Amino acid sequence: MQPTVNRVMHGDNPFEVSPELDSFQGPRTDVPRWNETFFFSTWSPTTEAGVFVHTGADAADPELFYAQLIVYLPGGELVVERIWDRPTPPDLHVGPFSITTKEPLRRWRLQYDGAGERTTSERAGSQPIGAGLAVPLRLDIDFVAAGPIWDMFKAGQIRHSDWSGMHHEQITRATGTITVADKIYEIDGCGFRDHSTGPRDFSTIGGDRFWGLVSPTTGRGFQGLTAWKRTGELEICSAAYTIDDTFEIINGSIELTGATDTRGNPKALDLSFTRPNGEYLQASGRILHTVTITIADPNHNINGALLDGDPLILSESQVRFDWPDGDTFYGHLERGARLTDLQIP
């Protein structure tokens, strides 16, 4: 198990992450199950729309990349797509989708001009999705860092895992547009990004909580990961709380409501943690929108719920948390569990 040393750090890049590591590194064929993943998520409270994008390499072919595109629309609607390509550095292009690093560690742009299946969160919790009748879909969203990079493994003081070698997370702000058919949704929201490289095999993972939250008014942020093995052994429980000019690293003593079924219930959430100064903080939250995705062993990513065998089922949700001092945070929450540990509605 990881150490539980909490500490306070300062600066825009407290873990001294090299800017060169922020761009697409490109595939490697010399390491079994090598992968490189990008994850961007944002939610706009005013328009009740957002996006979740996850890209990575195929488990059997490290040169073949997928991009999972999830658009959250009002009323529980989704637009979903999964595309494939063989990209080359420095920017990641998967067919008509691209992630461009405009300024390393600070600014990125996501663009897509294609189509996706219009569906619902309810349907995503009961079957694979993304191959039905399509509607035109465009994304053009700029992401800007809202806090320092959190190096998960350096923060948690643990060795690299079976599912990643380098893991960098960062809270963000985002502006832009989502266009579905002829309707435009303006995006002005809070979000979260992730970039990881290394061998990637989820076969041993039993579940997780993975989150990135930002206050649009105070700029405070909270991001973290709790993951455990199928045996029940805790692998990592680490977080970073950004407040004023400090970056508080919190290892252990974090509690966050998990999912009970394949549709991401319950929708009410509780979050609690202890800061390095000893202050105990407890916040209440709720799910604003959600989509279910599946990771079949060792690392096959599928939109929707695959109800076959015992895959890892992930509820990828846009959330709101109300802090005890009246501040409000928005962001992304992933809650994962094995299918056999969940109910099927």
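A short reminder: the numbers here are calculations on the coordinates, not readings from a lab. Here the structure is a predicted model, which is why all the values come from computation and not from measurement. In this analysis, Cβ positions are derived from the backbone assuming ideal geometry, glycine residues included, and neighbour counts consider all displayed protein chains.
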Subject >> Test: GLY132 is surrounded by fewer than 15 Cβ atoms within 10 Å (Cβ to Cβ) and over 21 Å from the mean Cα position of the chain (by Cα) >> reply: yes
Original post:
From the set of residues in region 291-310 that are of a type in the set (A, V, I, L, M, F, W, C) and crowded, with 24+ Cβ neighbours inside 10 Å, which is farthest from the chain's Cα centre (by Cα)?
Top reply: ALA305
Original post:
Going by the structure shown, is SER98 surrounded by fewer than 20 Cβ atoms within 10 Å (Cβ to Cβ), not aromatic (Phe, Trp, Tyr) and not in a loop (DSSP other than H, G, I, E, B)?
Top reply: yes
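Name the single residue that is surrounded by the fewest Cβ atoms within 10 Å (Cβ to Cβ) among those in region 4-39 being within 20 Å of the chain's Cα centre (by Cα) and assigned to a loop (DSSP other than H, G, I, E, B).
The residue in question is GLN25.
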**OP:** Looking only at region 117-146, count how many residues are of a type in the set (Gly, Ala, Ser) and assigned to a helix (DSSP H, G or I).
**Re:** 2
Original post:
Is one or more of the residues making up region 225-246 free of Cβ contacts under 8 Å to residues at least 60 places away in the same chain, more than 26 Å from ALA59 (Cα to Cα), part of a strand (DSSP E or B) and not small (Gly, Ala, Ser)?
Top reply: yes
**OP:** Scan region 304-323 for residues that are within 26 Å of ASP188 (Cβ to Cβ) and of a type outside the set (Asp, Glu) and jot them down.
**Re:** SER315, SER317, GLN318, VAL319, ARG320, PHE321, TRP323
Subject >> Odd one out for GLN68, checked against (1) surrounded by 15 or more Cβ atoms within 10 Å (Cβ to Cβ); (2) assigned to a loop (DSSP other than H, G, I, E, B); (3) of a type outside the set (Asp, Glu) >> reply: (2)
